[in-house]
Amino acid sequence: MPIRDKTYDVLVAGGGNAALCAAITARQAGASVILVESAPKAFRGGNSRHTRNLRAMHDKPNAVLTDAYTEDEYWDDLLRVTGGNTDESLARMTIRASSGLFGWMRANGVRFQPSLTGTLNLGRTNAFFLGGGKALVNAYYLTAARLGVEILYDSEVISLNMDNGAVRSIDITWRGFPETLHARCVVASAGGFQANLDWMRQYWGDAVDNFVIRGTPYNRGGVLRNMLGQGVAAIGDPTQCHAVALDARAPKFDGGITTRLDSVPFSVVVNRNGDRFYDEGEDVWPKRYAIWGRLIAQQPEQIAYSICDARAFPLFMPSVFPAIVADTLEELAMKLKLDPAKLRDTIDAFNKAVKPGQVFDGSKLDGNATEGLAPNKTNWARAVDKPPFYGYPLRPGITFTYLGVRVNDKAQVLMDNGKPTGNLFASGEIMAGNILGKGYLAGFGMTIGTVFGRIAGQEAARRARN
Amino acid sequence: MRETDAVINARREIEVCNACRYCEGFCAVFPAIEQRRDFTAGDISYLANLCHNCRGCYYACQYAPPHQWGINIPATLAEVRNESYAEYAWPRPLARTFQRNGTLLSLAAALCLALVLFLGIRLNSATNFFGAHGTQPESFYTIIPLPVLQAVGIASFGFSLLALAMGARSFWRDAGPRDKVTPSALGIALWDVLTLKNLGGGGNGCNDNSEAFSMRRRYLHHAMFYGFLLCFAATCTGFVYHSFLGWPAPYPFLSLPVLLGTVGGIGLIAGSVGMVAMRFADDPVPNVARLRGGDVALLLLLALIAVTGLVLLAVRATGAMGLAMSIHLGFILAFFLMLPYSKMVHGVYRTAALLRRAVERTMKPLGGE
Ligand SMILES: Cc1cc2nc3c(=O)[nH]c(=O)nc-3n(C[C@H](O)[C@H](O)[C@H](O)COP(=O)(O)OP(=O)(O)OC[C@H]3O[C@@H](n4cnc5c(N)ncnc54)[C@H](O)[C@@H]3O)c2cc1C
Ligand code: SF4
Ligand code: SF4
């Protein structure tokens, strides 16, 4: 229960990775801390509970990472995915700080999987949490509680009441009842706004009704909108979000990692009308994974169908939902509610266009392409003709939004006039757009949250106790 | 293994895990899942018996209840595991013993106790049964003659071993053909059994009733398991002393059999009583409440065997020896008879599952990253 007449040193808005790192760090620096999480305990931890790894720079192999991953290589990767839409000094600071995170994370309860040489191609760049993100979040909550951080579940931050560039009081609901709290400093770590479909509708129209939100339903952007409405500087394109191809049968929220589908490169993908619309074999899947959400969002009714045959079926990770199977393409079309004659035409045309080519190799760009189609498939093109046939319906799955608040290297939130606020800090998804203005680098979200969470916690505690 | 509701539900959950794989660092179950894409009922029984019930994967699961998918691997696999005990029970009609196992085990213990006491008192004169025999050689056998003791012991234990072996054979076949068992696989499996490597979520410990990890269960199981082995070693040494060296029981306090038995008995009591206590303090959600009776009855039977053994040691020179020995032997008889029809079978199937896992360890996981 929150204490009304107490002035906390630090109030943390949010309950995911970034919030927890800030709360723990501030408490360890001696501050009194209250953390306000809008989800109930069972669903605490935001999108962080769905994660599995973070990306860390390192000069030599260690207990959880193989080989080396230098600052420059990391920076190059970031530059490539963002197309330069980043802030080099904040980015390099984050990258450098990522190499020193393990000790702190371990000390606060996080456990890692031992590095797996070779098998996982991310084993070099990304450290995997033992048990995944929920285990990480559990560990941090235990640590926070042990240190004496006050934790409110089922409590939503409604407004950070700002005056003259500083937060004076904080309106929240505590289990549905309004309360006003006081804190010397505030850390905003409440994630993006992708679960707020009405806000998303402003940019996407009614297509959002066919979007799947991969993570928590609690990231509704209330804190973000509240700050932006009080003269805080925005960063990131509000219309943009990270969208991937998901199994259309995924739940509307919180389906997490398991509803993703890796079948695209080994399939023919058609829309509602039975037409192909993009090169399924453009590049290896991890590099093209994130463009397919947008592609499907642009199709009629925001749906597409991945079709493959018995030869292709064993080549990709199973989805959580069973494939739709049929002995003929017509029967498969009926099951998927597509026009059977049209699907047959599309596949026949595709099969005819496959150039007799090189050896099929699913592990690299193998150059097996079609000829004369619009669009062509440029790799892994192979006739779809070995029954049974398999189909998966696909929808756009939204991971996060890019809009955020502008911060400096002390995690201080900046006002429209470029001046830092006196006592307001931000960490995590809510400020990730400063560094990741576009695209995505696997494991970078948790790195940003951890690095800036710790900075925000440190700075907030220092300021509050001065 | 039949396609029961528990198997069907386990398959659904396991297929979620196979698409997720976040728990692969916890134990042997997840790497074994990753090597498969289709799961026969036999596969699921294998995975169920491979699970050590540490609950790590339940607390770590983003799809655990109240998520609508309600993924709860420890409870789901415990259901299948219990059904698998019935499935492989030999002779077949005794499969039913796993239905109300706690009640049955308690009844068996009471009956054996009554039987041994009744016969002990009926077939002995009161002066003999209640007389003080001091520590003269063969004092125990004045109450129950050695040949009777040996015959009943060997017959009941021997039958149980046969039944366990038949069960293990059914289990092994059910999970489908596998590569040859190599000495190195045997070594790995033995190490896994002796260290309980998989009980404790990748080395951090179990989740007893919260997200916090603890080694308590692993240590208690070790106390119980190694206590049990020491008691068994005590019996074997006694047998060697008597049959080969011509030294009949009872043995002095500082003799090998008595020392082994005493230390083992204390371990057995500490381990089993501790595990009973934990069984009541556990988080109920990743558990199957219905199975608690059988688990607790077995743990208490083990504790009672050890307690009565220690009591017998204390009173063996007095007139209470006959009574104490009859009670001790009554519990042991029940244990021998119920060995293949109690939770004790988990040791056999889990060992077999670990061996299978060790055999297939070099297979590659299916699917990409
Ligand atoms: C399926 C999936 C898998 C992912 N995998 C990875 C991965 O492996 N590695 C990686 O680096 N990134 C991954 N990401 C991205 C990653 O989730 C984010 O980058 C990261 O979790 C952001 O952390 P955060 O603490 O800022 O936000 P979150 O973890 O989303 O936390 C936001 C918190 O704020 C709370 N909140 C929201 N509004 C309010 C309010 N008004 N009042 C109070 N509380 C509020 C929410 O309840 C939540 O607890 C994944 C994302 C998804 C969806
Ligand atoms: S138990 Fe849950 S988190 Fe673990 S692998 Fe299965 S689905 Fe994933
Ligand atoms: S041993 Fe533990 S982590 Fe492994 S499946 Fe069983 S409960 Fe889950």
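All but one of (1) away from ligand 2 (no atom under 16 Å from the Cβ); (2) within 25 Å of A:Arg406 (Cα to Cα); (3) under 24 Å from the mean Cα position of the chain (by Cα) hold for A:Ile34; which doesn't? Checking A:Ile34 against (1) away from ligand 2 (no atom under 16 Å from the Cβ); (2) within 25 Å of A:Arg406 (Cα to Cα); (3) under 24 Å from the mean Cα position of the chain (by Cα), the one that fails is (3). When you scan region B:54-72, do you find a residue that is surrounded by 14 or more Cβ atoms within 10 Å (Cβ to Cβ), within 17 Å of the chain's Cα centre (by Cα) and either under 30 Å from B:Gly201 (Cα atoms) or more than 16 Å from ligand 3 (Cβ to nearest atom) (or both), even just one? Yes - at least one qualifying residue is present in region B:54-72.
In a residue-by-residue description of region A:78-101, the property of being over 24 Å from A:Asn434 (Cβ atoms) and either more than 16 Å from ligand 2 (Cβ to nearest atom) or assigned by TED's automatic domain parsing to the domain that holds A:Val186 (or both) applies to no position. The condition of being of a type outside the set (Lys, Arg) and open to solvent by 60 Å² or more (accessible area, probe 1.4 Å) holds for only one of B:Thr97, B:Thr127, B:Thr182, B:Thr142, that being B:Thr127. Step by step: first the residues of region A:252-289, then only those that are hydrophobic (A, V, I, L, M, F, W, C) and more than 14 Å from every other protein chain (Cβ to nearest Cβ), then the one that is surrounded by the fewest Cβ atoms within 10 Å (Cβ to Cβ). Which residue is that? Out of the qualifying residues, it is A:Phe277. Looking only at residues that are surrounded by 24 or more Cβ atoms within 10 Å (Cβ to Cβ) and in a loop (DSSP other than H, G, I, E, B) in region A:405-434, which one is nearest to the chain's Cα centre (by Cα)? Top of the filtered list is A:Ser427. Take B:Arg217 and decide whether it is touching a strand residue (DSSP E or B) at 6+ places or on another chain (Cβ under 7 Å), among the basic types (Lys, Arg) and in contact (Cβ under 8 Å) with a residue 60 or more places away in the chain. Taking the combined requirement at face value, the residue satisfies it. Across region B:22-38, the qualifying residues are those that are open to solvent by less than 20 Å² (accessible area, probe 1.4 Å) and within 16 Å of ligand 1 (Cβ to nearest atom), and the one among them that is nearest to B:Val193 (Cα to Cα) is B:Cys23. For region A:435-463, the set of residues classified as modelled with pLDDT of 95 or more and open to solvent by 10 Å² or more (accessible area, probe 1.4 Å) consists of A:Gly445, A:Met446, A:Arg454, A:Ile455, A:Gln458, A:Glu459, A:Arg462, A:Arg463, listed by residue number. Among the residues of region A:104-126, the one identified as exposed (fewer than 14 other Cβ atoms within 10 Å of the Cβ) and at pLDDT 95 or above is A:Ala107. Residues that are touching a Pro at 6+ places or on another chain (Cβ under 6 Å) and farther than 17 Å from B:Leu304 by Cβ: does region B:243-259 have at least one? Within region B:243-259, one or more residues are touching a Pro at 6+ places or on another chain (Cβ under 6 Å) and farther than 17 Å from B:Leu304 by Cβ. Within region A:81-94, restricting attention to residues that are without any contact (Cβ under 8 Å) to a residue 60 or more places away in the chain and at negative phi, the residue that is most open to solvent (accessible area, probe 1.4 Å) is A:Glu88. Say whether the condition of being open to solvent by less than 10 Å² (accessible area, probe 1.4 Å), away from every other protein chain (no Cβ under 14 Å) and closer than 27 Å to A:Ala29 by Cβ is met by at least one residue in region A:171-178. Yes, because at least one residue in region A:171-178 is open to solvent by less than 10 Å² (accessible area, probe 1.4 Å), away from every other protein chain (no Cβ under 14 Å) and closer than 27 Å to A:Ala29 by Cβ. Considering region A:127-170, the residues that are charged (D, E, K, R) and open to solvent by 50 Å² or more (accessible area, probe 1.4 Å) include one that is farthest from the other protein chains (Cβ to nearest Cβ), namely A:Asp163. The residue list A:Gly443, A:Gly433, A:Gly449, A:Gly428 contains one member that is within 14 Å of ligand 1 (Cβ to nearest atom), touching a Leu at 6+ places or on another chain (Cβ under 6 Å), outside the structural domain of A:Ala290 (by TED's automatic domain parsing) and of a type in the set (Gly, Ala, Ser), which is A:Gly443. In summary, A:Ala188 fulfils each of the numbered conditions (1) open to solvent by 30 Å² or more (accessible area, probe 1.4 Å); (2) over 17 Å from the mean Cα position of the chain (by Cα); (3) within 22 Å of A:Ala411 (Cα to Cα) with the single exception of condition (1).
For region B:1-21, filtered to residues that are of a type in the set (D, E, K, R) and assigned to a loop (DSSP other than H, G, I, E, B), the residue that is least open to solvent (accessible area, probe 1.4 Å) is B:Arg21. Does region B:84-105 include one or more residues that are within 14 Å of chain A (Cβ to nearest Cβ), assigned to a helix (DSSP H, G or I) and more than 16 Å from ligand 1 (Cβ to nearest atom)? So far as region B:84-105 goes, no, none of its residues is within 14 Å of chain A (Cβ to nearest Cβ), assigned to a helix (DSSP H, G or I) and more than 16 Å from ligand 1 (Cβ to nearest atom).
Quick one: how many residues across region B:315-349 are within 14 Å of the chain's Cα centre (by Cα), surrounded by 22 or more Cβ atoms within 10 Å (Cβ to Cβ) and either part of a helix (DSSP H, G or I) or at pLDDT below 95 (or both)? Result for region B:315-349: 6.
Does A:Lys386 meet the test of being assigned by TED's automatic domain parsing to the domain that holds A:Leu228 and surrounded by fewer than 24 Cβ atoms within 10 Å (Cβ to Cβ)? No, not satisfied.
If you go through region B:276-301, how many residues are assigned to a helix (DSSP H, G or I) and within 16 Å of ligand 3 (Cβ to nearest atom)? Residues in region B:276-301 being assigned to a helix (DSSP H, G or I) and within 16 Å of ligand 3 (Cβ to nearest atom): 4 in total. Against the list (1) more than 16 Å from ligand 1 (Cβ to nearest atom); (2) in contact with a strand residue (DSSP E or B) (Cβ under 9 Å, 6 or more places away or on another chain), the condition B:Ala41 fails is (2). Residues that are among the hydroxyl-bearing types (Ser, Thr, Tyr) and closer than 25 Å to B:Asp192 by Cα within region B:221-264 comprise just one, B:Tyr226. Across region A:340-353, not a single residue is classified as modelled with pLDDT of 95 or more, outside any helix (DSSP H, G or I) and on the phi < 0 side of the Ramachandran plot.
The values are calculated or read from the model by the stated rules, or taken from the named source; none is laboratory data. Bear in mind the structure is a predicted one, so any value in this text is a computation, not a measurement. Here Cβ is always computed from backbone atoms with ideal geometry, including for glycine, and neighbour counts include all displayed protein chains. For the accessible areas, the whole protein counts, side chains as well, though only heavy atoms, and no ligand, DNA or RNA atoms are used. Shrake-Rupley method; radii C 1.70, N 1.55, O 1.52, S 1.80 Å.
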